[in-house]
Amino acid sequence: MFIEPYLKGGRGSIEVICGSMFSGKTEELIRRLKRVKIAKLKTEIFKPAIDIRYDEVNIVSHDTNYIQSTPVNNSQKILLLAQDVDVVGIDEAQFFDEGISNVCEQLALRGIRVIIAGLDMDYTVFGEVISGMDVVEKISKAPKDEHDRPLKDIRMKIKMLN
């Protein structure tokens with residue numbers, strides 16, 4: 001059972017929903033945000049503007065549940081747009097810049113409940129790869145151990161196209 005915290009009196013919080021791909025992170029984020037809306041709390045929901053896989057505006061789960069959001073190009077825009085709210089929802093954290101954790105902390109210090117979903121891995125390389133995915137011809141999965149780590153070091157090569 002999930003308990004939905006609501007902290008009055010200026011105390012914010014940061015809730016992280018993390019897991020592997022297809023583990024239900026976005027589904028859980030949508031569920032929590034819908035409950036927040038039922039409670040009639042002021043809510044702003046954000047997604048990275050580059051994430052247009054299912055919809056340009058809505059956050060959409062693999063089960064096709066969705067909730068309206070505001071696409072943003074960088075994490076700092078969240079601070080500008082999240083004014084006079086009780087709760088901020090953020091999906092696909094791994095697609096944001098390195099400032100996303102600082103943004104979440106600043107929002108929590110304002111007394112805002114922050115609910116953020118993303119992959120539970122190191123995002124640096126993954127985020128950089130996304131910008132070139134439109135030219136990828138093949139994706140291969142590396143053999144992994146019981147901890148979901150590659151058995152051999154993975155090296156990425158950059159090929160410049162003119």
Gyration tensor (Cα only) of the range 13-133 to equivalent ellipsoid, semi-axes in Å sorted down, yields 21, 17, 13
Under the 7 Å Cα-to-Cβ spin-label approximation, residue 40 and residue 13 lie apart by a distance in nanometres of 2.2
Check: C-alpha center the range 29-68 vs C-alpha center the range 83-106, spacing in Å is 14
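Taken together, the values in this text are just the output of simple stated rules run on the coordinates, not laboratory data. In this text, all values refer to a predicted model and were calculated from it rather than measured experimentally. All Cβ positions, even for glycine, are placed from backbone atoms using ideal geometry, and neighbour counts span all protein chains on display.
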